1. Which residues' amide hydrogens lie under 5 Å from the amide hydrogen of Thr120, considering only partners 5 or more residues apart or on another chain, with H built in the peptide plane?
2. At a 1.4 Å probe radius, carbon and sulfur cover how many percent of the accessible area of region 90-154?
3. Ranked from highest to lowest mean number of other Cβ atoms within 10 Å per residue, what is the order of the peptides 44-53, 90-99, 108-117?
4. If amide H atoms are built 1.01 Å from N in the plane of the peptide, which residues on other chains or at least 5 residues away come under 5 Å of the amide H of Ala89?
Amino acid sequence: MFSLRRHRLRGVLLLASALALLAGALAWPADALLMRLRSVSAPTSRIVDRHGVLLYEIVDPQGGLYHHIQLNDVPLALRQAVIATEDAAFYSNPGFSPRGLVRAWLQNMRAGRIVSGASTITQQVARQTLLGEGRHERSLVRKLHEIWLAVRLT
């Protein structure tokens, strides 16, 4: 009985925190966030000889191998496959999936531990590019921060 009350209280607190975070996110200017996102993704440096033959690539240890490409250079089938498997509501959600969060919350409550996270593509971008060292943490605060950033990016 005590455990069930505690789980319900956690759920109510999670919902209240998420709503407060979203309200705050709508009031925060997005310009600073977008500038931060642009500064995070530095392309890999390429050293070539006078004939254009690649001699060496300098890879950012924090970001990995990275090259700018145009969206049209990514095959349509690949774009559609990623969206279908990672975030079917990508074009219509506000940066996070309320339905997915409820589903993940129920799964996590039943399991008594974190077994599902319900991250959208936008949340994954926010986590990988904007959260820095906290991106691997699995906590309510980190998840709320990720949602807030995703709403601002959207």
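1. It is Ser97, by chain and number.
2. Carbon and sulfur atoms account for 57 percent of the accessible area of region 90-154.
3. The most tightly packed comes first, giving 90-99, 108-117, 44-53.
4. Close amide H contacts, sequence-distant or interchain: none at all.
The values are calculated or read from the model by the stated rules, or taken from the named source; none is laboratory data. Because the structure is predicted, anything quoted here is derived from the model rather than measured. Ideal geometry is used to build each Cβ from the backbone, glycine not excepted, and the neighbour counts take in all protein chains shown. All accessible areas refer to the heavy atoms of the entire protein, side chains included, with ligands and DNA or RNA removed. Shrake-Rupley method; radii C 1.70, N 1.55, O 1.52, S 1.80 Å.
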